[in-house]
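Structure first, then comments.
The values are calculated or read from the model by the stated rules, or taken from the named source; none is laboratory data. None of the values given here were measured: they were computed from a predicted structure. All Cβ positions, even for glycine, are placed from backbone atoms using ideal geometry, and neighbour counts span all protein chains on display.
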Amino acid sequence: MRRAFGLLLVAGSLGACGDIPQPFRHEDNVPALARPKMTRGVTVRPPADDESGRTLALAMVQALEEQEIPATLQEGPAFGHVIDGELAERGGDVLVRWHLKTPDGRELATQVQSVPKLVLAKAEPKQMQRMAVGPAVAFANPLADPDARPSQAPARDLRTAVSLVPLKGLPGDGDKTLVEALRRALQRGGLMVKDDADYVIEGKVTVAPGLPGEDTVTVAWIVKRAKSGEELGNIGQSGGVPHGRLAQPWGTLARDIAEGGASGVVQVVLADSKVRPKGP
């Protein structure tokens, strides 16, 4: 899956505000927070070399993505953590064992499920997805990303505040998930997010046909002063995703987009807040 979003920051009225972020678009310039954390990512290996084994593994990948754990299906060399599956018959059922291992092969956790043979033989994707939720939730804790935990604010919160305009009309759960991902990314970047704030962040997202089998997603995060409505910056992103991907849970896709955009938003907001007096 191709999820590398190029970035372009256009500064508005910040020309007299000191050091202004320069426009950038090349992938090599994407901030570190926008890059996948390879040691946190998970390679899922099918528990059997057939349709049912692959469907089970794909369901596990999707369930992990819903827990904001980057995951991929791969039978060869792995990156990051590994989830190995195995099947064992027991009467009329099949035991499915999932083993979560560290990159160096140390086992962290095991989840076991009992599945009727008929269910496994049908390999119906929705049933497999429901089965994968429990193990994925259990594995999410040892795979938790410390960067995703909001930092504790001091007793008197002195961070610059921004408010977020809700998104509307995106496929799947994009409206909710992308705004929430941006909220967390901005908080990690040192901003406070609340309804009544000095700055307003408005997102505009468009989806258009791209290369064969892909959709092109274009995102613009517009930074404005809340009182005057003056536009300070426009952080643009674009990238290709497989056709139909946006109708699924956005998961880590939302996080990838939000973290790249948040880095530009933070630069614009902090550059302006340093030179403008605060007050009513």
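Which ones in the range 43-69 are more than 21 Å from residue 107 (Cα to Cα) and among the β-branched types (Val, Ile, Thr)?
55
Out of the residues in the range 218-256 that are among the polar types (S, T, N, Q) and touching a residue at least 60 places away in the same chain (Cβ under 8 Å), state the one that is nearest to residue 181 (Cα to Cα).
252
What's the number of the only condition in (1) modelled with pLDDT under 85; (2) under 19 Å from residue 64 (Cβ atoms); (3) touching a strand residue (DSSP E or B) at 6+ places or on another chain (Cβ under 8 Å); (4) surrounded by fewer than 15 Cβ atoms within 10 Å (Cβ to Cβ) that residue 130 fails to meet?
Exception for residue 130: condition (3).
Restricting to strands (runs of 3 or more DSSP E) lying wholly in the range 68-144: which have 3 or more residues that are among the hydrophobic types (A, V, I, L, M, F, W, C)? Don't jump to the end; show me each part of the working.
Values: elements: 71-73, 81-90, 93-101, 107-116.
Answer list for the range 68-144: 81-90, 93-101, 107-116.
Among the residues of the range 108-126, is any closer than 26 Å to residue 255 by Cβ, among the β-branched types (Val, Ile, Thr) and modelled with pLDDT of 80 or more?
Among the residues of the range 108-126, not one is closer than 26 Å to residue 255 by Cβ, among the β-branched types (Val, Ile, Thr) and modelled with pLDDT of 80 or more, which makes the answer no.
Suppose the filter is loosely packed, with under 14 Cβ neighbours inside 10 Å, among the acidic types (Asp, Glu) and at pLDDT 90 or above; does residue 180 pass it? Spell out how you get there, then give the answer.
Working: loosely packed, with under 14 Cβ neighbours inside 10 Å: no; among the acidic types (Asp, Glu): yes; at pLDDT 90 or above: yes.
So residue 180 does not fit the description; no.
Restrict the check to the range 78-87 and report whether at least one residue is among the charged types (D, E, K, R) and either at pLDDT 85 or above or on the phi > 0 side of the Ramachandran plot (or both). Let's see the steps before the verdict.
Let us first name the residues in the range 78-87 that are among the charged types (D, E, K, R), namely 84, 86.
Filter again for either at pLDDT 85 or above or on the phi > 0 side of the Ramachandran plot (or both), leaving 84, 86.
There is at least one residue in the range 78-87 that is among the charged types (D, E, K, R) and either at pLDDT 85 or above or on the phi > 0 side of the Ramachandran plot (or both).
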